[in-house]
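Participant: Input: one structure, supplied below.
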Amino acid sequence: MIQVNDFLYGKMELPMVFSDLLNTDALKRLGGIHQSGAIFLVNPDICHSRLEHAIGVTMLIRMLGGSELEQIAGLLHDISHTAFSHVGDYVFDNTDEDYHEKVFAEVLCKSEVPDVLLNYGYNVNQILYGTFDILEQPLPALCADRLDYTLRDGIHGGVISRQRAREFLTAIVLKDGKIAVNAETEVAWINEAFEKLNNDMFKLPIHLYANGKIAELIKKFLSKGILVESDMFKTDTMLLNKIRTSYEGYEAIKSIKQLKGFAEFMRHGAVPKIKKRTLNALLV
């Protein structure tokens, strides 16, 4: 067993399959991908990683009694996110914000993960074609993925407090294999927290600016051949370093950090059209 520790779920022991998965290059890369895209360039306090979220989802599924396979699926569900997370959607003009889902099978199968799974009696097809009701549900339902990023992003973004988030976790249960909430007050709270997160963090103008400008810059450098598509599957730092190798790129990143041209970009730039999201948590 290995022990993991998280500010939401506390300390938890996980079987050794998780240790081996976390030691793959594919999972390590997620530690270098910012959960909130390029927002850290204008708000350095929001700097948590996709790996932190993936581990959190795994722990949440385990806490709720989900199978080991579903826990593994939780750890792997974001393995195909590009550098800067959803910035990849803006680069590739994916308005549904699901580019990572479209390339998930390819990224997963090209990684070391299938061999690790085989060592523990699993097959990658169980991940690709399995049904995981705790992990994923279509909007506006609650699921482990949606719940973890709502609480985690909300805390990091100052939208909700850690204490209140941990209080909410005491109110969740499984109903017919899906996440439900056992009190009307808690249903109202999580629905409101989700809306507040979308409005006060994801749609905050300077955050839209950061993600939009970095997407604009990446598209430009891809068209010039300074970047290639495979660069999108490196870490944020590696991609930034490649951009900064040119004087134009160096100055562009500096300008984003300094919010240069912010008002002009918000009026006339390629401001990301954030996917409309609502939450309607199920009451037991």
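Participant: When only C-alpha pairs under 8 Å and at least 6 residues apart count, what is the relative contact order of the chain, in percent?
Facilitator: It comes to 23 percent, rounded to a whole number.
Participant: Taking Cα atoms, how many degrees apart are the long axis of helix 205-224 and the longest axis of the chain, rounded to 10 and kept between 0 and 90?
Facilitator: Tilt of helix 205-224: around 70 degrees.
Participant: Given a 1.4 Å probe and every protein chain left where it sits, what share in percent of the accessible area of the stretch 205-268 is carbon and sulfur? Walk me through the numbers before you get to the answer.
Facilitator: Working: 1910 of 3350 Å².
Carbon and sulfur atoms account for 57 percent of the accessible area of the stretch 205-268.
Participant: Describe numerically, in nm with one decimal, the distance between label points set 7 Å from Cα along Cα→Cβ at MET12 and at ARG244.
Facilitator: Going by the 7 Å Cα→Cβ label model, 3.5 nm.
Participant: Follow-up question, since we're still on this one. How much accessible surface area, in Å² rounded to 10, belongs to the heavy atoms of THR82 with a 1.4 Å probe?
Facilitator: 0 Å²
Participant: Multiplying the sequence separation of LYS175 and ALA141 by 0.36 nm and subtracting their Cα-Cα distance, what value in nm do you get? If you can, show how the numbers build up before the last one.
Facilitator: Numbers: separation 34, 0.36 × 34 = 12.24 nm, distance 1.25 nm.
Length gained between LYS175 and ALA141: 11.0 nm.
Participant: Accessible area, 1.4 Å probe, largest first: how do HIS34, HIS156 sort?
Facilitator: The most accessible residue leads, giving HIS156, HIS34.
Participant: Right, next: What do you get for Rg/Rh over the chain if you use C-alpha atoms and the Kirkwood form of Rh?
Facilitator: With Rg and the Kirkwood Rh in hand, the quotient comes to 0.97.
Participant: Identify the chymotrypsin sites (Phe, Trp or Tyr not before Pro) of the stretch 1-44 meeting these criteria: DSSP loop state and at most 16 other C-beta atoms within 10 Å of the C-beta. It would help to have the intermediate numbers written out before the result.
Facilitator: Values: sites: PHE7, TYR9, PHE18, PHE40; in loops: PHE7, TYR9.
Passing both the DSSP loop test and the Cβ count: PHE7.
Participant: Let me ask you something else. Based on the Cα gyration tensor of the stretch 205-268, what are the three equivalent ellipsoid semi-axes, each the root of five times an eigenvalue, rounded to whole Å and given largest first?
Facilitator: Details: eigenvalues 84, 28, 24 Å².
After diagonalising the Cα gyration tensor, the semi-axes are 21, 12, 11 Å.
Participant: I would also like to ask the following. For MET12, tell me the accessible area in Å² from a 1.4 Å probe, rounded to the nearest 10.
Facilitator: 30 Å²
Participant: So for VAL107, VAL113, what's the accessible-area order with a 1.4 Å probe, most first? Write out the running numbers ahead of the final one.
Facilitator: Details: VAL107 35, VAL113 0 Å².
These residues rank, largest area first, as VAL107, VAL113.
Participant: Using only Cα atoms, find the angle between the long axis of helix 144-156 and the longest principal axis of the chain, and express it within 0 to 90 degrees, rounded to the nearest 10.
Facilitator: 60 degrees
Participant: Would you mind telling me the antiparallel percentage of the DSSP bridges in the chain, rounded to 5?
Facilitator: 90 percent
Participant: Given a cut-off of 30 Å, name the pairs among LYS110/LYS260; LYS102/LYS213; LYS11/LYS254; LYS28/LYS175; LYS11/LYS273 whose C-alpha atoms lie farther apart than that in the structure shown.
Facilitator: Violating the 30 Å Cα-Cα cut-off are LYS110/LYS260; LYS11/LYS254; LYS28/LYS175; LYS11/LYS273.
Participant: While we're here: Give the carbon-plus-sulfur fraction of the accessible surface of the stretch 123-197 in %, rounded to a whole number; probe 1.4 Å, heavy atoms of protein chains only.
Facilitator: 46 percent
Participant: Counting Lys +1, Arg +1, Asp -1, Glu -1, what net charge surrounds ALA171 among other residues with beta carbon under 13 Å of its beta carbon?
Facilitator: Numbers: positive: ARG164, ARG166, LYS175; negative: GLU167, GLU184, GLU186.
Around ALA171, the charge tally is 0.
The values are calculated or read from the model by the stated rules, or taken from the named source; none is laboratory data. Since we're looking at a predicted model, the values are computed, not measured. Cβ sites come from the backbone with ideal geometry, for glycine too, and all protein chains shown count toward neighbours. Protein only, heavy atoms only, side chains kept; ligands, DNA and RNA dropped before computing areas. Shrake-Rupley method; radii C 1.70, N 1.55, O 1.52, S 1.80 Å.
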